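Read-outs: derived from the displayed coordinates by stated rules, not from any lab. Worth saying up front: this structure is predicted, and the values here are computed from it rather than measured. Quick reminder, even Gly has a Cβ in these numbers, built from the backbone with ideal geometry, and neighbours come from all protein chains shown.
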Protein chains: 4
Amino acid sequence: MRLHVPIPLRWGDLDAFNHVNNVSMLKLLEEARVRAFWQAESAVEDIPSTAVIDAGLDTDTLTLVAHHEIEYLAPVLYQRDPLDVQMWLSKIGGASMEVCYEVYSPAADGPVLVARARTAVVMASAETGEPRRITPAERQVWEPYLGEPIAFSRG
Amino acid sequence: MRLHVPIPLRWGDLDAFNHVNNVSMLKLLEEARVRAFWQAESAVEDIPSTAVIDAGLDTDTLTLVAHHEIEYLAPVLYQRDPLDVQMWLSKIGGASMEVCYEVYSPAADGPVLVARARTAVVMASAETGEPRRITPAERQVWEPYLGEPIAFSRG
Amino acid sequence: MRLHVPIPLRWGDLDAFNHVNNVSMLKLLEEARVRAFWQAESAVEDIPSTAVIDAGLDTDTLTLVAHHEIEYLAPVLYQRDPLDVQMWLSKIGGASMEVCYEVYSPAADGPVLVARARTAVVMASAETGEPRRITPAERQVWEPYLGEPIAFSRG
Amino acid sequence: MRLHVPIPLRWGDLDAFNHVNNVSMLKLLEEARVRAFWQAESAVEDIPSTAVIDAGLDTDTLTLVAHHEIEYLAPVLYQRDPLDVQMWLSKIGGASMEVCYEVYSPAADGPVLVARARTAVVMASAETGEPRRITPAERQVWEPYLGEPIAFSRG
């Protein structure tokens, strides 16, 4: 099962080549992770059931990125429509998880896969900075999203 | 009459003080201007009638910011809900316009005014870089949004 | 008397128009303020005597931006050489100060004034979030930089 | 042989966790690549001999990032001193190259390795967007920097 998080572009995500900058794409993935996995005050209806990490202001948890890998398959131009960031988990460890992504850009003749990525995230205590175990409650809501590791088309 | 453009926050808009950074707020206003005034490919329904500037890829027009003034009235925390960026025009000149903004943050007991701003924008030819006149078509769709200049509460 | 802080550009400061983005310019001014007024661990020699605000990690002070005004006088292209951000203070109040800036870009035939700006900064207690008084020590090192308010060439 | 490019931090590189944000680190690597490999107008003395790609304004070449991999070894706090970004090439192909990085943060008791990364860059014609061959002149100045692929400590 996959999480689908729509992430709107900003014109400011473009670089001087007039494409969404490769680093900006990782900001979009960061925002997708936050919306998929973090608690946050909201009046909106569509908070995913997976959004259970208390990682906001006065947080208990720091979610530390240990590793990223990303490949870019097509340039992305500015558009009003959000990108469709699809996420699943290839691993849920004791204190860490690996998030996999496929990013689709809407187009007249159907969505285009523009990027693939994976991120290793370590849960740490905001107090001590030390890794803290993933809780049973977190594990329970995340396990349905376990899937295959992402395959990159090139090294 | 005001334009209302919802602009979602990103966790990355926060700075080390854990508030939306004062400079990030101007990125949000930039995106609100782009969505209010620029043409852009989209499958979405809610493109404002005012979005007529051809300022995208292979653009005819550069919209150059000549002047910004902004005051910050309340800190903004990260939230899932978009900010409500309200815009109107205090001036439509020969080749420039002044955009005024009030930015509201949603809250349990009603929206909170978090920032006021104004931006002077000059239309320039992408070819020559020289100012180019606002077209009758642009003027026609923008005139309904003419209003009073914004008043700042402090210098 | 003016503070001169060299601020290197990043290619990422450019936007799709291939100029330093108008919002990025305010990030450069933010960095100039931090280097001019904040304490920070360093092995480098040239920390200004004005850098006395304890506003780093585990900070005592939040420096809150209350107001910005900026005008853009010339486009800035990417270059290896830092911009020369010149700063002075037009006011030192009880708990706030106003920083004025002139930003110069190096060029073959002498520096070019590319932007003028002013920022109202309020000192607040990191604990309470309430404004806190500027200390005598801060006032003493900052007073030599008191000068005229900046004059903008247009509204 | 390695290229050493000093990259100053900005306070704005920090995120709400008060560390240099993991995505910001990739902006620092982008700037290191630009300063190492791109031509750019400058009055400064220390332009590396490897800076030969015509990828600036009115450019001939687009340098497209095809792939990034990065691991984070230690949190980086804001500091006045630049990071030492060390780069070498693990491959120079027909139209692409792989850049490897080790990023060191200065500290009282010696530099600390804070990140390792690699980036696959494809040279493309700015006119056609198609890959273009690495020139003999580029190959000649880059070959001395060929070295082993970087080894990551974890997947």
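Close amide H pairs (under 5 Å, H built 1.01 Å from N) link B:Val76 with B:Val20, residues at least 5 positions away or on another chain. Plainly put, the tip 7 Å out from Cα toward Cβ on B:Glu127 is 2.1, 6.6, 6.8 nm from that tip on each other copy, the closest given first. Computed from phi, the 3J(HN,Hα) profile of the stretch A:101-110 under the Karplus parametrisation 6.51, -1.76, 1.60 (θ = phi - 60°) reads 9, 10, 10, 10, 9, x, 8, 3, 9, x Hz, with x in place of Gly and Pro. Within the straight-line cut-off of under 17 Å between alpha carbons, the lysines reachable from C:Lys27 are B:Lys27, D:Lys27, sequence neighbours fewer than 8 places apart in one chain being disregarded. Take every pair of alpha-carbon atoms less than 8 Å apart whose residues are at least six positions apart; their mean separation over the length of chain A yields a relative contact order of 26 percent. In chain D the longest region clear of GluC sites (Glu not before Pro) that are loop-assigned by DSSP and have at most 12 other C-beta atoms within 10 Å covers D:46-126. Each of B:Asp84, A:Asp13 was scored by other Cβ atoms within 10 Å of its Cβ. Listed from fewest to most, they are B:Asp84, A:Asp13. Mean separation of Cα pairs under 8 Å and 6 or more residues apart, divided by the residue count, gives the stretch A:75-155 a relative contact order of 30 percent. Between the listed residues C:Val112, C:Thr63, C:Ala51, the Cα displaced farthest toward the positive end of the dipole of the stretch C:28-155, a dipole computed from Cβ unit charges relative to the Cα centre, is found at C:Val112. The residue in chain B that lies nearest, by its beta carbon, to the axis linking chain B with chain A is given here with the distance in whole angstrom as B:Pro8, 3. About its Cα centre, the stretch C:1-120 has a charge dipole of approximately 260 debye under the convention of +1 per Lys or Arg Cβ and -1 per Asp or Glu Cβ, with nothing else charged. Under a 5 Å amide H cut-off, with hydrogens placed 1.01 Å from N, D:Gly93 pairs with D:Glu98 among residues at least 5 apart or on other chains.
Across all directions, the average projected area of the convex hull around the alpha carbons of chain A is 10.4 nm².
Treating each Cα of the protein assembly as shown as one equal point scatterer and applying the Debye formula with no solvent, the log10 of I(q)/I(0) at q = 0.07, 0.11 Å⁻¹ comes out as -0.43, -1.17. Amide H to amide H, with H built 1.01 Å from N, B:Ala115 comes under 5 Å of B:Leu73, B:Val103, counting only residues 5 or more places away or on other chains. Here is how the number arises for chain C: DSSP H runs of 4 or more residues each give -39500 (n - 2.57), the sum is divided by the residue count, and the result at 222 nm is -4500 deg cm²/dmol.
Here the 3J(HN,Hα) profile of the stretch D:118-123, calculated from phi with Karplus coefficients 6.51, -1.76 and 1.60 at θ = phi - 60°, is 9, 9, 8, 10, 10, 7 Hz, Gly and Pro shown as x.
Position A:Asp46: other-copy label points at 1.2, 4.9, 5.1 nm, ordered by increasing distance, label point 7 Å along Cα→C-beta. Projecting the alpha carbon convex hull of the stretch D:68-155 along each direction and taking the average yields 7.9 nm². Could you state the number of Å between the C-alpha centres of the stretch B:78-148 and the stretch D:98-155? With the stretch D:98-155 and the stretch B:78-148 each reduced to a Cα centre, they are spaced 42 Å. The HN-Hα couplings worked out from phi for the stretch A:21-26 by the Karplus form 6.51 cos²θ - 1.76 cosθ + 1.60 (θ = phi - 60°) are 4, 4, 6, 4, 4, 6 Hz, whole numbers, x standing for Gly and Pro. Looking at the protein assembly as shown, the DSSP beta bridges with both ends there are about 95 percent antiparallel.
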